[in-house]
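The values are calculated or read from the model by the stated rules, or taken from the named source; none is laboratory data. Just so it is clear, the model here is predicted, and its values are computed rather than measured. Cβ placement follows ideal geometry from the backbone for every residue including glycine, while neighbour counts extend to all protein chains displayed.
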Amino acid sequence: MEAQITLLRADLTFPESPRWHEGHVWCSDDHRVLRVSPAGEVQVMARLDSHVLGIQCHDGALFAAIAHQRRIVRIDAQRQVTDHADLSPLFDRPMNEFVFGPGGDIYAGHMGFDIRQGEPPRPARMARIRPDGHMALTGPELWFANGMALSVEGDALIVAESMAQRITRIPILPDGELGEAEIFADLSERGDHPDGLCVAADGSVWYAAHAHLTRVARGGAVLSRIALPFAFATSCVLGKGGDLYVTALRHRPGPDAPPQADAVLARVALPAHS
């Protein structure tokens with residue numbers, strides 16, 4: 001698919017977890033959380049003491065997942081940072097993305113292994129954090145729960161299982177627990193290890209993998225595929241007018257690769273028929 005790609009920022013370190021909120025793209029970038037206008041103007045909304053992966057804007061506040069510390073912090077309108085949940089009793093390896101469910105519960109992903117230390121993959125369960133602070137593991141074991149979002153109906157999680165090369169749908173049961181997983185899309189034939197993702201209004205899923213953005217329907221049919229001029233796309237989000245915003249690295253990451261301040265946030269203008 002032909003798409004117009006416009007660079008908004010080309011001076012980032014490791015951008016992840018883009019979110020569209022109040023007319024801006026919010027994303028993590030190493031130890032920071034940024035708010036970027038559609039024109040590329042950037043504002044640092046938080047500076048934290050360790051690497052941030054997932055973020056969410058919820059109920060007037062910003063929430064961020066501190067990956068290796070396995071905790072979620074809350075950042076208020078005055079940019080005061082407070083601990084919201086310490087997941088270290090449940091997670092023994094870094095955490096990743098998280099989402100808020102329809103009842104205010106947080107569902108947080110556990111990598112299950114430390115990729116930076118060269119550990120072999122192993123599956124792990126997600127955590128559910130209730131509004132009253134109670135935390136427990138929930139749902140099935142997943143192979144590197146990565147990008148995630150709510151389904152359009154709000155009754156399921158859509159999760160990228162990077163090491164299983166698939167996108168998985170996990171129903172949210174009436175009591176808030178997670179049910180049995182089903183395969184939304186098997187990506188193994190294309191060799192894709194999905195990273196971040198977002199859900200379109202029709203229920204299809206855009207996911208980032210390698211140097212592409214791909215849109216798949218439930219069942220795995222490919223609806224769109226966009227080649228990117230970047231080595232490694234980390235995530236994507238749909239913004240105003242249906243444009244995609246993608247976070248990406250110009251160089252493939254590796255455990256010994258030094259950080260380089262040339263990663264990007266770009267807008268991808270989609271053709272009207274997409």
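Just one of (1) within 18 Å of VAL42 (Cα to Cα); (2) modelled with pLDDT under 95 trips up VAL264, so point out which.
For VAL264, the failing item is (2).
Consider ILE115 against the criteria (1) surrounded by 16 or more Cβ atoms within 10 Å (Cβ to Cβ); (2) in contact with a strand residue (DSSP E or B) (Cβ under 9 Å, 6 or more places away or on another chain): it satisfies all of them except one. Which criterion is unmet?
(2)
What is the residue count in segment 79-91 for residues that are surrounded by fewer than 15 Cβ atoms within 10 Å (Cβ to Cβ) and in a loop (DSSP other than H, G, I, E, B)?
Total satisfying the criteria: 4.
On the basis of being touching a residue at least 12 places away in the same chain (Cβ under 8 Å), under 12 Å from ASP105 (Cα atoms) and of a type in the set (A, V, I, L, M), does LEU142 make the cut?
Working: touching a residue at least 12 places away in the same chain (Cβ under 8 Å): yes; under 12 Å from ASP105 (Cα atoms): no; of a type in the set (A, V, I, L, M): yes.
No.
In a strand (DSSP E or B), within 22 Å of ILE183 (Cα to Cα) and either out of contact with any Gly (no Cβ under 7 Å at 6 or more places or on another chain) or not aromatic (Phe, Trp, Tyr) (or both): does that describe GLY112?
In short, no.
Quick one: which of GLY154, GLY203 is surrounded by fewer than 17 Cβ atoms within 10 Å (Cβ to Cβ) and touching a Pro at 6+ places or on another chain (Cβ under 6 Å)?
Values: GLY203 fails: touching a Pro at 6+ places or on another chain (Cβ under 6 Å).
When all the criteria are applied, what remains is GLY154.
How many residues are more than 21 Å from ASP83 (Cβ to Cβ) and not aromatic (Phe, Trp, Tyr) if we restrict to segment 20-52?
Initial filter on segment 20-52 (more than 21 Å from ASP83 (Cβ to Cβ)): 20-25, 27, 29, 34-43.
Subset that is not aromatic (Phe, Trp, Tyr): 21-25, 27, 29, 34-43.
Matching residues across segment 20-52 total 17.
So which of ALA67, ALA46, ALA3, ALA10 is crowded, with 19+ Cβ neighbours inside 10 Å and closer than 24 Å to PHE232 by Cβ?
Values: ALA46 fails: closer than 24 Å to PHE232 by Cβ; ALA3 fails: crowded, with 19+ Cβ neighbours inside 10 Å; ALA10 fails: crowded, with 19+ Cβ neighbours inside 10 Å.
Being crowded, with 19+ Cβ neighbours inside 10 Å and closer than 24 Å to PHE232 by Cβ holds for just one of ALA67, ALA46, ALA3, ALA10, which is ALA67.
Residue by residue, here is whether (1) touching a Gly at 6+ places or on another chain (Cβ under 8 Å); (2) in a strand (DSSP E or B); (3) closer than 18 Å to THR247 by Cβ; (4) not β-branched (Val, Ile, Thr) holds:
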{"site": "LEU8", "(1), (2), (3), (4)": "yes, yes, yes, yes"}
{"site": "GLU16", "(1), (2), (3), (4)": "yes, yes, yes, yes"}
{"site": "PRO38", "(1), (2), (3), (4)": "yes, no, yes, yes"}
{"site": "GLN43", "(1), (2), (3), (4)": "no, yes, yes, yes"}
{"site": "ARG74", "(1), (2), (3), (4)": "no, yes, no, yes"}
{"site": "ALA77", "(1), (2), (3), (4)": "yes, no, no, yes"}
{"site": "ARG93", "(1), (2), (3), (4)": "yes, no, no, yes"}
{"site": "PHE98", "(1), (2), (3), (4)": "yes, yes, yes, yes"}
